[in-house]
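Have a look at the structure below before the remarks.
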Amino acid sequence: MSGIGRAIAKKLVECGAETYALSRTQADLDTLKKEVPSMHVIQIDLQEWDKTRETIAKIGPVDLLVNNAGVSKLAKFTEMKKEDLDFVMDVNFNAVFNVSQVVAKAMVERGEGGSVINISSSASQDALMDHAAYCPSKAAVDMLTKCMALELGPHKIRVNSVNPTVTWTDMAKMHWSDPAKSEPMLAKIPLGKFIGVEDVVNSVIFLLSDKSAMTTGECVRIDGGLGVH
């Protein structure tokens, strides 16, 4: 677990929540556990549908869920390989659907409500070159967010997504460090910079909390004004 997910998990512990962090990378979990000894860490590959369901079902009760796992494979639309498309959709959309289904069903059965946050992207609404797999995967997350909010609202379960533009994580640095690529994007952002991890974390914590008790089904852009165009 790294980047946004790691920062969210640490903030949740800081806020007093009993927190479970899931990742397919054991090394990331080991360092997270070392930094935050009270953190519960679980190694799981979210592409494994049935194993993921079994693992999630053993955690509980879950009142707050953050679906953060995300990957990207960049290629021209005409050159995108099926295995890369499947990989992106499996992690970015199918895993969100799978984990949320297990958690939400348990929330409904308990009858105490809850809050779910899906980490989406401004790329769900803004087409990007070479992102013909990534952008649609996040658009699917946005619509899933709305469908979940509609069905789960009567059970006092709120569902929202957070949609940041480029957030300065290791993955972003890999794709956006070249000024030839980053400068045209930055020129479109009125606030003139990419998003910090803390900007995403703060929005997630707000939407998880009772401070946003009447907010559900929303896709909240964190983009420095990029979306005004």
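The values are calculated or read from the model by the stated rules, or taken from the named source; none is laboratory data. Just so it is clear, the structure is predicted and the values come from calculations on it, not from any experiment. Cβ coordinates were reconstructed from backbone atoms using ideal geometry, including for glycine residues, and neighbour counts include every protein chain displayed.
Of the residues Phe87, Phe93, which is touching a Lys or Arg at 6+ places or on another chain (Cβ under 7 Å), among the aromatic types (Phe, Trp, Tyr) and assigned to a helix (DSSP H, G or I)?
Phe87
Can we say Pro164 is of a type outside the set (A, V, I, L, M), within 22 Å of Leu74 (Cβ to Cβ) and within 15 Å of the chain's Cα centre (by Cα)?
Spelling it out, Pro164 is indeed of a type outside the set (A, V, I, L, M), within 22 Å of Leu74 (Cβ to Cβ) and within 15 Å of the chain's Cα centre (by Cα).
Given the conditions (1) modelled with pLDDT under 95; (2) aliphatic (A, V, I, L, M); (3) surrounded by fewer than 18 Cβ atoms within 10 Å (Cβ to Cβ), which single one is not true for Ala213?
(1) is the only condition that Ala213 fails.
Is it the case, given these coordinates, that Val13 is at pLDDT 95 or above, surrounded by 16 or more Cβ atoms within 10 Å (Cβ to Cβ) and over 16 Å from the mean Cα position of the chain (by Cα)?
When the stated conditions are applied, Val13 passes them.
Quick grid of which residues meet (1) over 22 Å from Ile222 (Cα atoms); (2) of a type in the set (S, T, N, Q); (3) under 13 Å from the mean Cα position of the chain (by Cα):
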residue	(1), (2), (3)
Arg53	yes, no, no
Ala69	no, no, yes
Glu79	yes, no, no
Val96	no, no, yes
Ser115	no, yes, no
Asp126	no, no, no
Lys138	no, no, yes
Gly153	yes, no, no
Arg158	no, no, no
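Exactly one of these conditions fails for Val71: (1) more than 20 Å from Ile4 (Cβ to Cβ); (2) modelled with pLDDT under 95. Give me its number.
(1)
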